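For reference, the structure is listed below as structure tokens.
The values are calculated or read from the model by the stated rules, or taken from the named source; none is laboratory data. Everything numeric here is computed off the predicted structure, so don't read it as measured data. Here Cβ is always computed from backbone atoms with ideal geometry, including for glycine, and neighbour counts include all displayed protein chains.
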Amino acid sequence: MARLAVFASGNGSNFEAIVSAIDGTGHEVCCLICDEAGARVFERAERLAVPAHHVSYGGRNREQAEAEIEAILARYRPDLIALAGFMRILTPSFVDTRRQKIVNIHPTLLPAFPGAHGLEESYRAGGSRLGITIHYVDRGVDTGPIIRQVSITRSPIEDYATIERRIHDLEHRHYPAVILSLLDQAGEE
Ligand code: GRF
């Protein structure tokens, strides 16, 4: 049995997919950390009975916000952290002390289109291959070692909303599956 902490900033559809997939496996989503007060992910956490914590980044630097995150994590002692739409960059020291213990989902085929607007940018670029990347988090923005990439072929008639839905469907299938296998590994250590 292993414990997962999820960091999110907004809607939380990946968070919900992860919680549903982990339910009944013996592993546990021990907490949600979110930097945006009022984000929809808080409603999901409440409904799914996952302890949720708001950590504000407003009016202070990343180190100060992360000190609060560290205090929360010290209580839950997660084996793995999954970033799921978390829109903050973690400090080098936070990341370096957790090598291969933090994973992220990105809605493009990295290294193409990193950053906050990757999906829109990859859609507008017009290529026929789109997809998702699940990777370990390192000091860079969407640069860490890739764990799984899944691509789709887009048809020229598909609009942005259709592509976004297809990409999210892929995320909701593959991110929980990767996380489960990492939790299985962590549980054996
Ligand atoms: C996802 O598309 C993910 O790839 C990106 O942020 C989005 C989060 O969506 N990092 P949600 O909050 O999980 O619905």
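Name the one entry in Ile134, Ile146 that is of a type in the set (Val, Ile, Thr), surrounded by fewer than 18 Cβ atoms within 10 Å (Cβ to Cβ), within 14 Å of the chain's Cα centre (by Cα) and at pLDDT 95 or above. Can you show your working first?
Details: Ile134 fails: surrounded by fewer than 18 Cβ atoms within 10 Å (Cβ to Cβ).
Checking each option against the conditions leaves just Ile146.
Total residues in the range 155-184 satisfying the condition of being of a type in the set (S, T, N, Q) and at pLDDT 95 or above: the figure is 2. Conditions first: (1) assigned to a loop (DSSP other than H, G, I, E, B); (2) at pLDDT 95 or above. Ile152 passes all but one, so which condition is the exception? Condition (1) is where Ile152 drops out. Residues in the range 10-37 that are surrounded by fewer than 17 Cβ atoms within 10 Å (Cβ to Cβ), under 14 Å from Met87 (Cα atoms) and away from the ligand (no atom under 13 Å from the Cβ): Ala37 alone. Residue-level check: of (1) assigned to a loop (DSSP other than H, G, I, E, B); (2) within 16 Å of the ligand (Cβ to nearest atom); (3) not hydroxyl-bearing (Ser, Thr, Tyr), Val41 misses just (1).
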